[in-house]
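The values are calculated or read from the model by the stated rules, or taken from the named source; none is laboratory data. The shown structure was predicted, so the numbers you read here are calculated from the model rather than taken from an experiment. Cβ: placed from backbone, ideal geometry, glycine included. Neighbour counts: every protein chain shown. Each accessible area value is taken on the protein alone, full model and side chains, heavy atoms only, with ligands, DNA and RNA left out. Shrake-Rupley method; radii C 1.70, N 1.55, O 1.52, S 1.80 Å.
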Number of protein chains: 2
Amino acid sequence: MTRPPRSDAARNRAAVLAAADELFATAVEPARVSMDDVATAAGVGKGTLFRAFGSRAGLIQALWARRTEPLRHAIESGPLPLGPGTEPRRRVAAILDAILVVKLDNRHLTLALEERSGGVSLYEQAQYQLVHQLLSDLLRDAGQGDESELLAHLLLAAVRADLLDHLIGGRGSSRRKLRAGIGAVVDLVLNGSGG
Amino acid sequence: MTRPPRSDAARNRAAVLAAADELFATAVEPARVSMDDVATAAGVGKGTLFRAFGSRAGLIQALWARRTEPLRHAIESGPLPLGPGTEPRRRVAAILDAILVVKLDNRHLTLALEERSGGVSLYEQAQYQLVHQLLSDLLRDAGQGDESELLAHLLLAAVRADLLDHLIGGRGSSRRKLRAGIGAVVDLVLNGSGG
DNA sequence: TTCGGATCCGGACCGCTGGTCCGGCTGGCA
DNA sequence: TGCCAGCCGGACCAGCGGTCCGGATCCGAA
């Protein structure tokens, strides 16, 4: 039996989430947002912070989970084309585009998420593995056979945080052009490979 | 006029390169190879190491440059299909496959190279930018127009070190299957998109 | 309302990292 | 042989993620 958290614990957790969200959104270089910074900004001790989130990666993943909750919900039980019921290939394309948009809307946080910090690779994160599993299944349904897992990885590689940051940060593709360009390549891969 | 380096400096530089090469090849976790480790293994002081290579990133890039020298040479003036003279699309595919092979042959070093350490993103590294430039030009020649730059980034994203490490490390695709699978997707993108 | 102990707080502390600094040594030319 | 620019090397530094534990706080029981 896990008992509900004490009131001060809940309050502090919320304060940390708010402060961290602000810091990561504001900071120019998310890697330079230290745990001390977060603790100070939240008006909380460092111990509290680590007890609540376990590690830096844990904190960032909690922030990410909050930010992507609407998207997860839309995929699980939302309207087309994100929700179930859409033709697999179309759904894969829609999901990738939605992920792209979320990442663009949370550039710094996403960058922090995917940065290999604490020895935790992107590919070892539960969050990534869930999305990969979903895409793999859809691709299998679409008749991609035993290439579906690799294909899912490659498609997700197209929307990696640092690449997007580089493309948007450096003069060049605007948001619109980026979505169009990546979408075109995704469609190409989805529709050209046997099925 | 820059004078030739003193003999002891040259000797130390070589010792560091050899020791670091060994360490990165052996270590299970390249991120855990510290500069102290390298200095100790090379029988050299830390100051010497940093004077010779500037930074951790500098050392890794020097190692990488040595390892990829044959490949660079083959691309610049080697035989087909890597060298100049090959039909652009075929050459892009050949170059990507060659890069893939080199990365697989130097997994740990490549991982260290692409790890964002010291705030230096993969996309800011001269080494990456040169390859990207080359691929962009080839794609433009192949009639990809203004999408060639983005396309080059996406193709290179398919052979990123941590993805390869994940695919090979975890049970799954063997080397052969990986080359075939990635090659197939690359061909699809190259041959399906106008031109 | 009081009380007692489970739970949580917080900041001093730790080990480790990449990187700097400078007193002393050494290679190489005159 | 003598001289000194250039090089050596390890003590040192600031900053990081993460731990620890004495004391404050919350909350159910009496």
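The helices (runs of 4 or more DSSP H) found entirely in segment B:1-95 that carry 3 or more residues being open to solvent by 30 Å² or more (accessible area, probe 1.4 Å) and away from DNA strand C (no atom under 13 Å from the Cβ) are B:7-26, B:56-67, B:69-77. Within segment B:64-78, the only residue that satisfies the criterion of being over 14 Å from B:Leu109 (Cβ atoms) and among the hydroxyl-bearing types (Ser, Thr, Tyr) is B:Ser77.
Here's the yes/no breakdown for (1) within 14 Å of another protein chain (Cβ to nearest Cβ); (2) among the β-branched types (Val, Ile, Thr):
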site	(1), (2)
B:Ala9	no, no
B:Asn12	no, no
B:Leu17	no, no
B:Ala27	yes, no
B:Val33	yes, yes
B:Gly43	no, no
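Restricting attention to segment A:96-130, the residues being away from chain B (no Cβ under 14 Å), crowded, with 16+ Cβ neighbours inside 10 Å and not in a loop (DSSP other than H, G, I, E, B) number 6. If you check B:Ile60, B:Ile75, B:Ile99, B:Ile95 for being away from DNA strand D (no atom under 16 Å from the Cβ), touching a strand residue (DSSP E or B) at 6+ places or on another chain (Cβ under 9 Å) and not hydroxyl-bearing (Ser, Thr, Tyr), only one passes: B:Ile60. Based on what the data block shows, is B:Ala31 in contact with a strand residue (DSSP E or B) (Cβ under 8 Å, 6 or more places away or on another chain), touching a residue at least 12 places away in the same chain (Cβ under 8 Å) and within 14 Å of DNA strand D (Cβ to nearest atom)? The answer is yes for B:Ala31.
Criterion first (away from every other protein chain (no Cβ under 12 Å), at pLDDT 95 or above and surrounded by fewer than 20 Cβ atoms within 10 Å (Cβ to Cβ)) does A:Arg140 satisfy it? Considered against the rule, which asks whether it is away from every other protein chain (no Cβ under 12 Å), at pLDDT 95 or above and surrounded by fewer than 20 Cβ atoms within 10 Å (Cβ to Cβ), A:Arg140 comes out as yes. Filtering segment B:106-117 for residues that are away from DNA strand C (no atom under 16 Å from the Cβ) and out of contact with any Lys or Arg (no Cβ under 7 Å at 6 or more places or on another chain) leaves a non-empty set. Being within 16 Å of DNA strand D (Cβ to nearest atom) and either at pLDDT below 95 or acidic (Asp, Glu) (or both) is a property that B:Ser117 has.
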